[in-house]
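What follows is a short report on a single structure.
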Protein chains: 2
Amino acid sequence: MKTAAYAASKAGAQLAPFSIDRREPGENDVVIDVLFCGVCHSDLHQVKDEWGGAKFPMVPGHEIVGRVSKVGGGVKKFAVGNLVGVGCMVDACHGCRQCEQHHEQFCEKGCAYTYNSTEMDRTTPTYGGYSKQVVVTESFVLKVPENLDPAAAAPLLCAGITTWSPLRQWGCKKGDRVGVVGLGGLGHMAVKLAASMGAEVTMLSTSKAKEADAKKLGATGFAVTKDPETFTKLAGHFDLIIDTISAEHDLGAHLGLLRPYGTMVLLGVPPSPAAVHAFSLIGGNKRLAGSLIGGIQETQEMLDYCGQHSIVSDVEVIPVSQVNACYERMLKGDVRYRFVLDLATI
Amino acid sequence: MKTAAYAASKAGAQLAPFSIDRREPGENDVVIDVLFCGVCHSDLHQVKDEWGGAKFPMVPGHEIVGRVSKVGGGVKKFAVGNLVGVGCMVDACHGCRQCEQHHEQFCEKGCAYTYNSTEMDRTTPTYGGYSKQVVVTESFVLKVPENLDPAAAAPLLCAGITTWSPLRQWGCKKGDRVGVVGLGGLGHMAVKLAASMGAEVTMLSTSKAKEADAKKLGATGFAVTKDPETFTKLAGHFDLIIDTISAEHDLGAHLGLLRPYGTMVLLGVPPSPAAVHAFSLIGGNKRLAGSLIGGIQETQEMLDYCGQHSIVSDVEVIPVSQVNACYERMLKGDVRYRFVLDLATI
């Protein structure tokens, strides 16, 4: 099936209209007419091949919401017309210990990412959601609650699950003191989700200018991390810190903000290793953890929860033709808090 | 009460006979005639004031086993003749959130360490177990199972609880793959305890020479960490790594040995911060944690467990007069695996 898309032809190229061939739907496949696709910061990194090994032409996009337009004969969970989503993965081996434990993102054979990757045959390139249609095996398609705005729900598929998973892994609950470091696409979802769980959320930002927004999103506290006093005032304060920053910052200082047995979870990958002194962990049985997106089952749980609590992302919907301009704005931090491409405009 | 002891008069001084005044037992105090006291590596650091702020004269020793010789009128849990132990702490505030949660080592007012510290009055110096008697408030005295050799049980009060606590915090259980980094006083207890819990234990050591010993202690696997192949062969292998090393080593490489959702717990404090790349945690939802001794309740649980499973430390019992020579041997790594002072010789 010929599908209209936007692609980068080589590393760093501007995205331009492109036509891709989607496979004819197999027995277990779901054909999805894409309505909206979020623009994740990782799209920029991959288009520029900043992580190495990028495959071109590249059709980015892994925050996909659309409607089912066709299903294979063996598909059980979905019917034509259903509102559905696709996140960062489109397949995995289904047989390893990680897949069995619903951690497909750590599939021992390597999962198939939604773009800049290959299907499990390790040959067929995958193309993402900056396109009119996607064809995905049923078990990697998510149900999107019909009460959610489909454009604003799109970023849940990556920014939502990436922040939901660590909050669940570390048992965020009513009354917990949660710090969120960085108010961007991830940070704004972390604030909304943690606040909805009853946590007392404090935004930790380099910029005082973000205070009003943070409070609107559900934070009750705000502290500026450029102010050294923050680290004495809030020493030992947090049960959990969700750190969304990809720029260099002092992890040791942030660990000092945790109470004993508290955890700081890293979601962003700064370019260089950070210096961590063992005593900043030992003095308080603290934990420094990482978290990568989430498995399919927990992504569905997150979507169901967001449906029940009417939680979506704050988005700015743009026509696909403006994607290059939106990348420029993202590099300047000029986004509140997620751009979403309207695929009706392709 | 005048009590015979061994003390360092100033930083780096040789230990020499010394007389200290122990308080007359108050209502809740237990007087203990010390039988044995283990020699912990931290004794050496503190005698040399390597951590700063050391108080002299210093009577080290926080791995104390003895018999109750007198009790205050309000003491309920202990009677004259009981075999008891004292670990790294002799008191705490009893009222803060950490004390209420049985994490006295993180008492918000600061616990009273057994030596090189003060009682909770913040004035009276504390003196450790290199002495004929100690007087300790009931709630910081532990019951030592009578079936254990009291000399070999002494190191349980620090080395035992320090390795027990992370194994319990991280749910070590039958079939788990546990790596223990470093075969010293802590490492040998970590191997014994993890093996007793049914884990499949691998010793990770810089020295091939330790293999036979590691296997005798209960390890079924052995790998040399100076061999780069270890880090490819055992990549993604462990559920839990207990890292007992206080020398610089590559934490990132060790994190690569963990399976997804695995944890590495640091017990030793290398002098400089380690470089940790966020991706070594994010790529597998891994955890880097610290752990500091353990609370009084979990120390009692550990002692009860060791009684049921007949677990003690491997020790070399020496007369108190040889303590300086034993420090020299420890600096050369010539100890298998804990020196214990026989207080009958004082």
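The values are calculated or read from the model by the stated rules, or taken from the named source; none is laboratory data. Remember, it's a predicted structure, so these values are computed and weren't measured experimentally. Cβ atoms come from the backbone with ideal geometry, glycine included; neighbour counts cover every protein chain shown. We work out accessible area using only protein heavy atoms, side chains counted, and drop any ligands, DNA or RNA first. Shrake-Rupley method; radii C 1.70, N 1.55, O 1.52, S 1.80 Å.
A compact table of results
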quantity: Subset tally (residues that are without any contact (Cβ under 8 Å) to a residue 40 or more places away in the chain and of a type in the set (Val, Ile, Thr)) for segment A:227-262; calculated: 2
quantity: Residues that are touching a residue at least 12 places away in the same chain (Cβ under 8 Å) and under 23 Å from A:Gly184 (Cβ atoms), drawn from segment A:263-279; calculated: A:Thr263, A:Met264, A:Val265, A:Leu266, A:Leu267, A:Gly268, A:Val269, A:Pro270, A:Pro271, A:Ser272, A:Ala274
quantity: Among (1) crowded, with 17+ Cβ neighbours inside 10 Å; (2) in a loop (DSSP other than H, G, I, E, B) - the single one B:Ala13 does not satisfy; calculated: (1)
quantity: From B:Asp43, B:Asp21, residue being of a type in the set (Asp, Glu) and surrounded by 17 or more Cβ atoms within 10 Å (Cβ to Cβ); calculated: B:Asp43
quantity: Those residues of segment B:150-161 which are closer than 24 Å to B:Ala4 by Cβ and either surrounded by fewer than 21 Cβ atoms within 10 Å (Cβ to Cβ) or among the small types (Gly, Ala, Ser) (or both), in sequence order; calculated: B:Pro150, B:Ala151, B:Ala152, B:Ala153, B:Ala154
quantity: Residues of segment B:161-177 satisfying the condition of being part of a helix (DSSP H, G or I) and either modelled with pLDDT under 95 or not basic (Lys, Arg) (or both); calculated: B:Ile161, B:Thr162, B:Thr163, B:Trp164, B:Ser165, B:Pro166, B:Leu167, B:Gln169
quantity: Residue identified as within 14 Å of another protein chain (Cβ to nearest Cβ), open to solvent by less than 10 Å² (accessible area, probe 1.4 Å), within 25 Å of A:Val269 (Cα to Cα) and acidic (Asp, Glu) among B:Asp243, B:Asp250; calculated: B:Asp243
quantity: Scan of segment A:159-186 for residues that are touching a residue at least 60 places away in the same chain (Cβ under 8 Å) and away from chain B (no Cβ under 14 Å), ordered by number; calculated: A:Ala159, A:Gly160, A:Cys172, A:Val178, A:Gly179, A:Val180, A:Leu183, A:Gly184, A:Gly185
quantity: Scope segment A:318-346; condition at pLDDT 95 or above, more than 21 Å from A:Met189 (Cβ to Cβ) and surrounded by fewer than 21 Cβ atoms within 10 Å (Cβ to Cβ); matching residues; calculated: A:Pro319, A:Ser321, A:Gln322, A:Asn324, A:Ala325, A:Glu328, A:Ala344, A:Thr345
quantity: Some residue of segment B:189-208 being under 26 Å from B:Tyr115 (Cα atoms) and crowded, with 24+ Cβ neighbours inside 10 Å; calculated: yes
